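The values are calculated or read from the model by the stated rules, or taken from the named source; none is laboratory data. All values reported here derive from a predicted model rather than from experimental measurement. As a convention, Cβ positions derive from the backbone with ideal geometry for all residues, glycine included, and neighbour counts pool all protein chains shown.
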Amino acid sequence: MDRFSRYKQLLSSSSFFKLVCGAGYEELEQVSKLTFVYTLAGCTGFDVSANPLVVEACNKGIEAALSFDSPYFSNDGERPFITVSVGMPGDHHVRKAVITQDCIGCNLCIPSCPTEAIPSNLEVIEDRCIGCGNCEAVCPPSASAIEYIHNEKEISLVLPLCIQAGAESVELHAAIADDITTIKEWTTVCECVPEGIVSMCLDRKHMTNVHLVERIKLAKEIADDRLIIQADGVPMGGSANNFNTTLQAVAIADIINKELKFKDRKFNNLPILISGGTNTLTGKLARQCGVPFSGISIGTHARNIVRPELESIVVGESSIHLTEAISLAENLIRSNIIDQSKKLVNC
Ligand code: SF4
Ligand code: SF4
């Protein structure tokens, strides 16, 4: 079976689990460690920044895992798919925080940052910033010292390099209201991977339910059966591992199902990945609510659960920390995905 068909098969059997390293996260060693651990745990896809060096770092972790002789190896030697993320100006995923001169040095932002991007000198480490906005939320109103810059990428130049480095699909973070600019960028994305899966990530911050459905229709006109919709509940919605955190992620998938997939036969097979505030309970909540999905993408929560072990892990080497990290990652994947892919792979 070719890679495109296998990707589609994982989606159609609701077996796709994607670890989101972060659209703006470019710490190469950490990316390799995350992909090493999660490949061993059976993860089927990774989402990384559209930077060829980051794709290579992702591949390094995957390769190390695939050649690893370990009883913990859970994915039967199957290579996970690498997606690179780009985004429209205004989308949270592709912005970087900057601390301005209005800062009063209260240090409240330092512990709020999920990626340790704010050191004691209060100069944001750009490679670590994922644009989550936690720092802005705790910054005193009297200071309002957080601003953002767009992590701009010339996608027609950078995407071919990412594909060359091993990426197989592209995701456009397009949670903005402007359809004309978004579809122009989407067309470029689709042209850069003419035979690959393309994903559009959408949330409801700037879009009504009606607008959401119309945007998906426009995206499908260009991508046809290569289209995936990543339905984002609350972008980078935090790490609390409870039903409330993941409620909006399941809710947006429910809306797309009811307003489009169940109503229009052309969209019956549209794959939906649930994301944004996803955690251990996302798959369970979706199943209990009767919300069908094709896969689950997890970022903050998936990274946080292995973070204490990651420091001590060396890519390619066994250790008690690796064992612990794989076990945590595996539990997260299994709690979300009822794995039917192994039954299907030989069909
Ligand atoms: S809290 Fe979020 S937005 Fe602020 S510096 Fe850290 S990663 Fe960036
Ligand atoms: S929370 Fe705001 S004022 Fe306080 S240190 Fe951070 S940027 Fe400066």
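For a quick check of your reading: which helices (runs of 4 or more DSSP H) sit entirely within region 267-337 and have at least 1 residues that are within 15 Å of THR44 (Cα to Cα)?
Details: elements: 282-288, 300-310, 320-336.
Once the helices (runs of 4 or more DSSP H) in region 267-337 are filtered for at least 1 residues that are within 15 Å of THR44 (Cα to Cα), what remains is 300-310, 320-336.
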| Conditions (1) under 20 Å from VAL20 (Cβ atoms); (2) in contact with a Leu (Cβ under 8 Å, 6 or more places away or on another chain); number of the one not met by ILE125 | (2)
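Scan region 92-108 and give yes if some residue there is touching a helix residue (DSSP H, G or I) at 6+ places or on another chain (Cβ under 6 Å), at pLDDT 95 or above, within 13 Å of ligand 1 (Cβ to nearest atom) and within 24 Å of CYS139 (Cβ to Cβ), otherwise no. It would help to see each step written out before you state the result.
The initial filter retains those residues of region 92-108 that are touching a helix residue (DSSP H, G or I) at 6+ places or on another chain (Cβ under 6 Å), namely 96-97, 108.
Okay, now just the ones that are also at pLDDT 95 or above, so 108.
Those left that are additionally within 13 Å of ligand 1 (Cβ to nearest atom): 108.
So of that shortlist, the ones also within 24 Å of CYS139 (Cβ to Cβ) come out as 108.
The answer is yes, given that some residue of region 92-108 is touching a helix residue (DSSP H, G or I) at 6+ places or on another chain (Cβ under 6 Å), at pLDDT 95 or above, within 13 Å of ligand 1 (Cβ to nearest atom) and within 24 Å of CYS139 (Cβ to Cβ).
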| remark: Out of (1) within 16 Å of ligand 2 (Cβ to nearest atom); (2) surrounded by 19 or more Cβ atoms within 10 Å (Cβ to Cβ); (3) under 29 Å from LEU157 (Cβ atoms), the one VAL98 does not meet is (2)
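Residues to consider are PHE262, PHE267; find the one that is touching a Lys or Arg at 6+ places or on another chain (Cβ under 6 Å) and more than 25 Å from HIS93 (Cα to Cα). First the steps, then the outcome.
Values: PHE262 fails: touching a Lys or Arg at 6+ places or on another chain (Cβ under 6 Å).
The match here is PHE267.
Assess whether GLY90 counts as being surrounded by fewer than 14 Cβ atoms within 10 Å (Cβ to Cβ), among the small types (Gly, Ala, Ser) and over 22 Å from GLU27 (Cβ atoms). Before you say what the answer is, go through the steps one by one.
Values: surrounded by fewer than 14 Cβ atoms within 10 Å (Cβ to Cβ): no; among the small types (Gly, Ala, Ser): yes; over 22 Å from GLU27 (Cβ atoms): yes.
Judged against the criteria, GLY90 is not a match.
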| query | Conditions: (1) near ligand 2 (Cβ under 8 Å from one of its atoms); (2) modelled with pLDDT of 85 or more; (3) not β-branched (Val, Ile, Thr). ALA143 meets all but one. Number of the miss? | reply | (2)
| task | Being in contact with a Ser or Thr (Cβ under 6 Å, 6 or more places away or on another chain) and buried (at least 19 other Cβ atoms within 10 Å of the Cβ) is the filter; apply it to region 209-235 and report the residue that is farthest from THR83 (Cα to Cα). | result | ASP232
